[in-house]
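S.K.: Below is a structure I'd like to ask you about.
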Amino acid sequence: METEIYEVLIVGGGVSGAALFYELSYYTDLSKIALLEKYSEIAMLNSNATANSQTIHCGDIETNYTLDKAKHVQRTAKMIEKYCLQHGYENKIMFKHQKMAIGIGYDECRFMTKRYEEFKVLYPYLELYNKEDLEKIEPALIFDEKGRGRNEEIVGVGAKDQYTTANFKALSDSFIENAKLNKEIQADVFFDAQVSKIEKKDGIFHLETKDGRHFQAKMVIANAGAHSLFLAHQMGYGLDYGQLPMAGSFYKAHKRILVGKVYMVQNPKLPFAALHGDPDITLDDHTRFGPTALVLPKLERFRKGTYLDFFKTLRLDMNIVRIFVNLLKDKDIRNYILRNFLFEVPYLGKRAFLKDARKIIPSLQAEDIEYAKGFGGVRGQILDKTNQKLMLGEASIDTGEGIIFNMTPSPGATSCLGNAQRDVEKICAYLGKTFDAARFDQDLVEEDTHA
Ligand SMILES: Cc1cc2nc3c(=O)[nH]c(=O)nc-3n(C[C@H](O)[C@H](O)[C@H](O)COP(=O)(O)OP(=O)(O)OC[C@H]3O[C@@H](n4cnc5c(N)ncnc54)[C@H](O)[C@@H]3O)c2cc1C
């Protein structure tokens, strides 16, 4: 069984690999595909519900997105919504919450009001909330512990009736289950299958797993999260990239303080999402705050090892050193990095974090929150050695030789179906197979978001 030649092998069973597995089985005429996952279950790393912020980032309240970027993410975010509606996953995998981004103080309030005017063309449901509105719909933003109202000016821009939240682990599981329902394709999943070596011989890829299993395929897609670049480097690809793992942690409160998701205005210099608070869909009546951003010398959070893998994928040289020096020259970035280290320190971290979280919820007290142990993940940020800069967002190395490596920091979970579509088209072109674009569009693409 294991020595047969698959048309496509996917390495990595997070939400990206699972989405691709689903699309290949549903929308192509391929007959034999497989997915190899290192752990014994799907989506145990960054796609797990406890690892990420569970947000369907559709661009309406992400204040660091330009209108163009927003259009792009809106298209892919809508795919998740359409998929979940098609399969009846409302309130099981995908949830509606109120959501908003808030501006505090004169500058941020002007910024948010201007952004609202610009973005409501793309998102007609967006609403602008003043202090009185917020008192009614999200009172924790306004009142302090003594019930006194906030002094500073505040506005919110958001929506009340949109799908905002997904359990990306449950979504990943559903992709695999639904893919396997199609009996016209052999779609195999192998667990505890950590790919340790990939080689191409006579046009066929040979993959070896750590426990000695051997697989063959005509095409390989590495959706191995922070390990995609590690595998690429092993094969001599992507050598002009290094990778900086940025861990994200959370704090949590044992009560429901917020009605919905509340994001803050993003500092455009900082590459990671602004602090936010929201009800956690896996913990009843809890509020989660975060994520923080912490440089961590390993590729997997809460798992043993991967320190050596980090050093290998960093590919430390003078170009990388220059990127770090340039980043640290900026006072805002320097303070941000130090502050995020502090958030991990027992006792002091909580006090420092509380100060930031109180910008959202003025009444929050130290006894209300605790460090959320075991929550968080790693965003592998790509360092572009040629241009000596930290790349923001996702990256994909398409070798044009039958193997693709995908690196998917945030909002990679939201864009899983869109990224998979891009790869399905490439796979079909490479293997001479057919992608049923009409059916795909009908099922998953919202009419007015066609690319
Ligand atoms: C703190 C934090 C908050 C985030 N919040 C959001 C959010 O709100 N919304 C959003 O859209 N995105 C968010 N993200 C990003 C999102 O979690 C990721 O983009 C997404 O989970 C990436 O999915 P993936 O399948 O590409 O990678 P992963 O989920 O990391 O999966 C990779 C898989 O590959 C497997 N693997 C690795 N190496 C091998 C190997 N050698 N052989 C076989 N298998 C292997 C791993 O075991 C794993 O299962 C957040 C990320 C973090 C860290």
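Read-outs: derived from the displayed coordinates by stated rules, not from any lab. Please read all numbers here as calculations on a predicted model, not as lab measurements. Because the Cβ atoms are built from the backbone with ideal geometry, glycine has one as well, and the counts that use them run over all protein chains shown.
S.K.: Can you put CYS428, CYS58 in order, fewest other beta carbons within 10 Å first?
M.R.: CYS428, CYS58
S.K.: Sticking with this structure for a sec: Can you list residues whose amide H is under 5 Å from HIS97's amide H, if they're 5+ apart or on another chain and H is modeled 1.01 Å from N?
M.R.: Answer set, sorted by chain and number: GLN162, THR164, THR165.
S.K.: Same structure again: Separation of region 58-110 and region 27-52 by C-alpha centroid, Å?
M.R.: Cα centroid of region 58-110 versus Cα centroid of region 27-52: 24 Å apart.
S.K.: Report, largest value first, the span of the C-alpha coordinates of region 1-46 along each principal axis, in whole Å.
M.R.: 30, 26, 11
S.K.: Using per-residue counts of other Cβ atoms within 10 Å, averaged over each peptide, order 380-387, 20-27 from highest down.
M.R.: The densest-packed peptide leads the list: 20-27, 380-387.
S.K.: Just how large is the dipole of region 289-403 about the Cα centre, in debye to the nearest 20, putting +1 at every Lys and Arg Cβ and -1 at every Asp and Glu Cβ?
M.R.: Working: 20 positive and 14 negative charges, 90 e Å.
The dipole of region 289-403 has a size of about 440 debye.
S.K.: Let me ask you something else. Quick one: if the Förster radius is 51 Å, what FRET efficiency do ILE5 and TYR307 give, using the C-beta to C-beta distance and rounding to 0.05?
M.R.: With R0 = 51 Å, the Cβ-Cβ based efficiency is 0.90.
S.K.: What per residue convex hull volume, in Å³, do the alpha-carbon atoms of the chain yield?
M.R.: Once divided by residue count, the hull of the chain is 140 Å³.
S.K.: Another one. Any idea what the dipole of the chain comes to, in debye rounded to 20, about its Cα centre with Lys/Arg Cβ at +1 and Asp/Glu Cβ at -1? Each step should come with its number before you reach the end.
M.R.: Values: 59 positive and 62 negative charges, 305 e Å.
Here the chain has a charge dipole of around 1460 debye.
S.K.: For region 151-247, rounded, prolate or oblate, judged on the Cα gyration tensor with a ≥ b ≥ c (square roots of eigenvalues), a/c < 1.5 rounded, else prolate if a/b > b/c? Spell out each step's value before the answer.
M.R.: Working: a/c = 3.12, a/b = 1.58, b/c = 1.98.
Oblate shape, in that a/c is at least 1.5 and b/c is the bigger or equal ratio.
S.K.: Give the Rg (one decimal place) followed by the Dmax (whole number) of region 1-140, computed from C-alpha coordinates and expressed in Å.
M.R.: Radius of gyration, then largest Cα-Cα span, for region 1-140: 20.0, 66 Å.
S.K.: Only helices at least 27 Å long along their axis, Cα-based, and averaging 1.0 or more on Kyte-Doolittle count here, so list those DSSP H runs from the chain.
M.R.: Counting only whole DSSP H runs, no helix qualifies.
S.K.: Past 25 Å, Cα to Cα: identify those pairs from LYS252/LYS389; LYS146/LYS359; LYS96/LYS169; LYS114/LYS136, in the order given.
M.R.: Details: LYS252/LYS389 34 Å; LYS146/LYS359 16 Å; LYS96/LYS169 17 Å; LYS114/LYS136 23 Å.
Long pairs (Cα-Cα over 25 Å): LYS252/LYS389.
S.K.: How do 178-186, 354-362 rank on mean C-beta neighbours within 10 Å, highest first? Write down the numbers at each step before the final one.
M.R.: Numbers: 178-186: 13.8, 354-362: 17.9.
Taking the mean over residues of other Cβ atoms within 10 Å, the ranking is 354-362, 178-186.
S.K.: Now for a different question. Please order SER228, SER249, SER31, SER363 by the number of other Cβ within 10 Å, starting at the fewest.
M.R.: By the 10 Å Cβ count, ascending: SER31, SER363, SER249, SER228.
S.K.: Using +1 at the C-beta of Lys and Arg and -1 at the C-beta of Asp and Glu, which of ASN167, PHE375, THR28 has the Cα lying farthest in the positive direction of the dipole of the chain?
M.R.: The residue sitting farthest along the positive end of the dipole is PHE375.
S.K.: Continuing with the same structure: Taking neighbour counts of Cβ atoms within 10 Å as a proxy for exposure, in what order, fewest first, do THR287, THR306, THR399 appear?
M.R.: In increasing order of surrounding Cβ atoms, one gets THR399, THR306, THR287.
S.K.: Can you tell me the dipole magnitude for region 36-179 around its Cα centre, using point charges on the Cβ only (Lys, Arg +1; Asp, Glu -1), in Debye to the nearest 20?
M.R.: So the magnitude is around 240 debye.
S.K.: Hey, another quick one. For the chain, with the dipole built from +1 on Lys and Arg beta-carbon atoms and -1 on Asp and Glu ones, taken about the Cα centre, which of GLY238, GLY59, SER47 lies farthest toward the positive end?
M.R.: GLY238
S.K.: Which whole-number percent is the relative contact order of region 289-421 (Cα, under 8 Å, 6+ apart)?
M.R.: About 20 percent, as a whole number.
S.K.: Let me ask something additional. Starting with the highest mean, order 119-130, 210-221 by the number of other Cβ atoms within 10 Å, averaged over the residues of each peptide.
M.R.: Listed from highest to lowest mean packing, they are 210-221, 119-130.
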